[in-house]
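The values are calculated or read from the model by the stated rules, or taken from the named source; none is laboratory data. What you see is a predicted model; the values in this text were computed from it and never measured. Here Cβ is always computed from backbone atoms with ideal geometry, including for glycine, and neighbour counts include all displayed protein chains. We work out accessible area using only protein heavy atoms, side chains counted, and drop any ligands, DNA or RNA first. Shrake-Rupley method; radii C 1.70, N 1.55, O 1.52, S 1.80 Å.
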Amino acid sequence: MDADDVAWDLLADTIDEDGQMLYETLVAARSRLPEANEEERQGIVERTLRALAGAGLIVVAREDDSGARSPLGDEELDEVLAGRGWRTVPPGPDGSSTWIRATPAGVQALEQEAPPEVRARRAAE
């Protein structure tokens, strides 16, 4: 599996009803990229998240104590992704209170542009 496949799979993981907690992206990468060392996996996931957010395919939001989610601005996203909270086990607050969800453009890209093998993997899950 290459970095492009990881990006498509990460995007696909975020279309579920609630989206995905930030730390879950790294958990998934550990199973999808077993041959990579941890530093490489973290770098791939971080670059992928930045690219997907930059392209408007995902929104990254922080959940407060009431359960409301507020989208992160660019600086906040940079701060969270540079931090350790989503990279640790158990995850810190940024890993478990930061959510990722596909935007309508992300869902459309997945449906129309994802490679057939990515769509087939998603259909089998």
Q. List pairs: first in region 37-64 and farther than 20 Å from ASP18 by Cα, second in a loop (DSSP other than H, G, I, E, B) and not hydroxyl-bearing (Ser, Thr, Tyr), Cβ under 8 Å, 6+ apart or cross-chain?
A. GLU40/LEU33; ARG41/LEU33; GLN42/ARG87; ILE44/LEU33; ILE44/ALA36
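Identify, please: which residue in region 110-121 is within 20 Å of GLU24 (Cβ to Cβ) and open to solvent by less than 60 Å² (accessible area, probe 1.4 Å) and is, among those, nearest to the chain's Cα centre (by Cα)?
Ranking the candidates gives LEU110 first.
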Q. Condition test on SER66, is it open to solvent by 50 Å² or more (accessible area, probe 1.4 Å), of a type in the set (Gly, Ala, Ser), modelled with pLDDT of 95 or more and more than 24 Å from ASP4 (Cα to Cα)?
A. no
Q. Which one of these does GLY56 not meet: (1) more than 25 Å from ARG121 (Cβ to Cβ); (2) of a type outside the set (A, V, I, L, M); (3) at pLDDT 95 or above?
A. (1)
Q) Which of the following residues is out of contact with any His (no Cβ under 7 Å at 6 or more places or on another chain) and open to solvent by 60 Å² or more (accessible area, probe 1.4 Å): GLU46, GLU39? A) GLU39
Q: Can you tell me which residue among LEU22, LEU81 is closer than 12 Å to TRP99 by Cβ and open to solvent by less than 30 Å² (accessible area, probe 1.4 Å)?
A: LEU22
Q. Limited to region 90-125, what total is found for residues that are of a type outside the set (Ser, Thr, Tyr), farther than 17 Å from ASP9 by Cβ and in contact (Cβ under 8 Å) with a residue 40 or more places away in the chain?
A. 5
(Q) Could you tell me how many of the residues in region 1-38 are in a helix (DSSP H, G or I), more than 8 Å from the chain's Cα centre (by Cα) and not hydrophobic (A, V, I, L, M, F, W, C)? (A) 8
